[in-house]
1. Taking the alpha-carbon centroid of each part, what is the distance from region A:93-140 to region A:172-186 in angstrom?
2. Do you know the relative contact order of region A:80-133, to the nearest whole percent, from alpha carbon pairs under 8 angstrom that are 6+ apart?
3. Pick out, in residue order, every one of the trypsin sites (Lys or Arg not before Pro) in region A:73-114 that is DSSP loop and has at most 12 other C-beta atoms within 10 Å; say none if there are none.
4. Semi-axes of the equivalent ellipsoid for region B:60-268, please: Cα gyration tensor eigenvalues, times 5, square-rooted, ordered largest first, whole Å.
5. So which helices of chain B fit the span-like rule, where a helix is a whole DSSP H run, its Cα atoms reach 24 Å or more along the axis, and its mean Kyte-Doolittle is at least 0.5?
6. Find which of B:Gln30, B:Tyr15, B:Ala45 sits farthest along the positive direction of the dipole of region B:5-50, computed with +1 on the beta-carbon of Lys and Arg, -1 on that of Asp and Glu, about the Cα centre.
7. What does the average come to when, for each residue of peptide A:73-82, you count the partner chain Cβ atoms lying within 10 Å of its Cβ?
8. Keeping every protein chain present and rolling a 1.4 Å probe, give me the accessible area per residue for region B:47-199 in Å².
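The values are calculated or read from the model by the stated rules, or taken from the named source; none is laboratory data. This is a predicted model, so every value here is computed, not measured. Here Cβ is always computed from backbone atoms with ideal geometry, including for glycine, and neighbour counts include all displayed protein chains. Note: areas computed on protein heavy atoms with side chains; ligands, DNA, RNA excluded. Shrake-Rupley method; radii C 1.70, N 1.55, O 1.52, S 1.80 Å.
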Amino acid sequence: MSLLKLKDVSLNYHSPKGETQALKNISFEVKENEFIAIVGPSGCGKTTILSLIAGILKPSSGEIIKNDDGENFIGYMFQRDHLFEWRTIWQNVILGLEIQKKKNAQNFEYLNKLLQKYGLYDFKDKFPRELSGGMRQRVALIRTLALNPKVLLLDEPFSALDYQTRLNVCDDVNNIIKNEKKTAILVTHDISEAISMADRIIILTPRPAEVKKIITLNLQKYGTPFNRRECSEFSKLFNEVWKDLEN
Amino acid sequence: MKHSKENYSKEHLQYLKKRKNSKIVVLSSQIGLLILFLALWELLARTGLINSFITSSPSKIVNTIGELFASGELFMHMGVTLLETLAGFFIASFLGTLIAILLWWSETVRKILEPYIVILNSLPKIALGPLIIIWVGSGTSAIIAICVLICIIITIITMLNAFLSCDEDKILLMKSMGANKFKILFKLVLPYSIPNFISMLKINVGMSWVGSIMGEYLSSSAGLGYLIVYGSQVFRLDLVMTSTVLLCILAGLMYFAVALLEKYYIKKHR
Ligand SMILES: Nc1ncnc2c1ncn2[C@@H]1O[C@H](COP(=O)(O)OP(=O)(O)OP(=O)(O)O)[C@@H](O)[C@H]1O
Ligand SMILES: [Mg+2]
């Protein structure tokens with residue numbers, strides 16, 4: 001069953017300098033518990049797709065069908081963690097609950113469990129600046145999970161981290177998403193990252209973005225993203241995606 | 001990481017000692033410099049190398065303070081000016097921040113008012129002094145009004161810039177969690193701007209003293225600014241010097257209070 005469906009979605013930006021067509025007839029489906037990666041040249045409209053799905057923007061034409069009427073269907077995670085420096089880790093992760101007036105024992109228990117499970121419980125009362133980049137990104141993910149969204153939108157969540165940390169956080173985040181049974185849409189520049197995490201990769205053309213190709217991967221059997229990077233099909237897939245991005 | 005003192009390495013203890021020592025050097029030099037300055041001033045005045053009728057001297061200033069105290073005028077004049085300054089300071093800081101919030105809230109209002117604020121900012125506010133005295137009547141209320149006028153424009157500009165510098169993505173994050181504008185203001189924009197608010201307060205300490213003294217120059221019957229004008233008119237320069245010294249002390253204390261507030265904020269959030 002498809003959880004989310006984009007049907008011929010186009011979007012134009014309007015500014016005093018003129019009109020920019022960012023997206024042209026984008027269509028794809030996302031199934032429950034699926035991990036989708038979106039890759040495309042820089043500035044092609046990847047973030048725009050996420051903003052549309054999150055409801056921050058409205059499409060100029062076309063339709064976005066959400067197969068779910070609950071609130072907090074979507075959780076958004078940005079490139080930088082955007083933790084609030086004046087709040088402790090705990091105060092940061094309950095931000096969403098605070099905004100939606102959902103501070104209650106049950107939700108707090110869920111958050112405490114998440115913090116414990118992912119090694120952040122001891123840092124509850126610390127301020128963000130006392131944490132490493134990787135830990136901060138995990139806190140940001142838990143802040144997103146607090147509202148219990150079905151679909152996670154990840155906009156280059158690892159690009160601000162150094163390579164070593166990136167591989168680790170990649171594994172961590174993948175682990176959390178699988179454990180908590182979330183559906184995810186990841187936007188990335190990094191082809192290996194897309195191959196190592198996704199079930200399907202959507203390749204976009206330069207702006208105005210159209211769907212150029214959708215590649216279905218079958219690498220789940222290899223386990224974690226790190227292990228998937230080691231598998232034999234990896235370099236073949238890498239070349240395939242790379243060629244599609246080139247022309 | 002917190003260590004108890006016994007766990008400190010020798011190197012770290014040495015570092016701490018060095019830091020403490022340099023602090024002592026700075027503080028004692030500061031005090032020494034002041035004493036040296038006062039002593040030299042007194043000496044030059046007593047030996048007649050400088051004319052103490054024009055320059056006064058530390059001992060004369062102390063005497064003048066004593067006289068003012070004895071006649072009960074000391075705290076009266078200090079109190080009057082302090083009250084005007086504090087009133088102007090608080091009204092300008094909070095009203096200015098409030099107006100900045102309104103301007104942040106509505107982009108349209110902001111665009112409409114922008115040229116007016118820019119012009120008001122470049123206008124020497126004191127030029128409006130005589131007008132204000134005619135409008136609100138001479139005396140304390142006029143002085144407070146002048147003080148507010150001098151501080152408020154820069155307060156509005158500083159705070160509005162602070163609000164607008166808040167990361168666009170953080171606002172998107174709040175929106176993606178369902179926050180309305182009111183929540184974005186109170187949970188993100190205002191707490192984010194507290195450091196700027198504190199530096200604005202620091203600027204306003206200086207500005208509000210300018211305002212109240214200028215106001216007293218224009219029209220007053222009490223206060224340190226009044227004493228300065230009065231003293232210079234009757235050529236009692238001891239009185240002028242004394243009032244200036246008292247001003248220094250009060251302004252310094254007020255700045256110190258704001259600095260303490262800043263220290264408290266940093267300590268709580270670090
Ligand atoms: N608010 C806006 N107004 C006008 N044009 C915009 C706006 N936001 C984005 N654009 C333009 O739309 C195009 C797509 O932007 P978008 O941010 O979706 O691209 P992206 O693929 O996420 O880029 P990047 O790889 O740099 O993250 C870009 O050319 C950009 O300049
Ligand atoms: Mg982007």
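1. 17
2. On the way: 28 pairs, mean separation 31.5, N = 54.
It comes to 58 percent, rounded to a whole number.
3. Working: sites: A:Arg80, A:Arg87, A:Lys101, A:Lys102, A:Lys103, A:Lys113; in loops: A:Arg80, A:Arg87, A:Lys101, A:Lys102, A:Lys103.
Taking region A:73-114 and a limit of 12 other Cβ atoms within 10 Å, the loop trypsin sites (Lys or Arg not before Pro) found are A:Lys101, A:Lys103.
4. Working: eigenvalues 308, 82, 25 Å².
In descending order the semi-axes read 39, 20, 11 Å.
5. Working: long enough: B:10-46 (53 Å, 0.33); B:73-105 (48 Å, 1.59); B:140-164 (35 Å, 2.59); B:194-218 (35 Å, 0.83); B:237-269 (48 Å, 1.15).
Counting only whole DSSP H runs, the qualifying helices are B:73-105, B:140-164, B:194-218, B:237-269.
6. Looking along the dipole axis, the top candidate is B:Tyr15.
7. Values: counts 0, 2, 2, 6, 2, 6, 1, 4, 1, 8.
Averaged over the peptide's residues, the number is 3.
8. On the way: 7830 Å² over 153 residues.
The answer is 51 Å² per residue.
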